[in-house]
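Shown next, in structure tokens, is the structure this report addresses.
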Amino acid sequence: MSENREIQLPEDLCAAAEAKFAKSFGTLEEFLTFVLRNLLKDEATKMDAAEQELVEQRLRELGYL
């Protein structure tokens, strides 16, 4: 399992997130882990889309598309 890091966040922000997402996530840490993983996944998807566009552009230049 990966190591954990300690971060500091404003108390009011943490309390609001806990109140809003307590039913879906057991802890604030679980919620933040979920959010960060999804943000990173979205960035990877954007990169994949950009890479796909580059490949398609090259194929068009070569006359395959």
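Which of the residues that make up the stretch 6-31 are of a type outside the set (Gly, Ala, Ser) and outside any loop (DSSP other than H, G, I, E, B)? Of everything in the stretch 6-31, those that are of a type outside the set (Gly, Ala, Ser) and outside any loop (DSSP other than H, G, I, E, B) turn out to be Glu11, Asp12, Leu13, Cys14, Glu18, Lys20, Phe21, Leu28, Glu29, Glu30, Phe31.
Conditions (1) over 21 Å from the mean Cα position of the chain (by Cα); (2) among the basic types (Lys, Arg), marked per residue:
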{"residue": "Arg5", "(1), (2)": "no, yes"}
{"residue": "Phe34", "(1), (2)": "no, no"}
{"residue": "Asn38", "(1), (2)": "no, no"}
{"residue": "Ala44", "(1), (2)": "no, no"}
{"residue": "Met47", "(1), (2)": "no, no"}
{"residue": "Glu51", "(1), (2)": "no, no"}
{"residue": "Gly63", "(1), (2)": "yes, no"}
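Could you count how many residues in the stretch 16-30 are in contact with a helix residue (DSSP H, G or I) (Cβ under 7 Å, 6 or more places away or on another chain) and within 15 Å of Asn4 (Cβ to Cβ)? Final tally of qualifying residues: 1. Here Asp48 fulfils each of the conditions (1) within 21 Å of Asn4 (Cβ to Cβ); (2) assigned to a helix (DSSP H, G or I) apart from (1). Checking each residue in the stretch 1-24 for being of a type in the set (Gly, Ala, Ser) and free of Cβ contacts under 8 Å to residues at least 12 places away in the same chain picks out Ser2, Ala15, Ala16, Ala19, Ala22, Ser24.
Every number in this text was worked out from the coordinates using simple rules, so none of it is lab data. Treat the numbers as computed from the prediction; the structure is a model and nothing was measured. Virtual Cβ from ideal backbone geometry, glycine too; neighbours counted across all protein chains shown.
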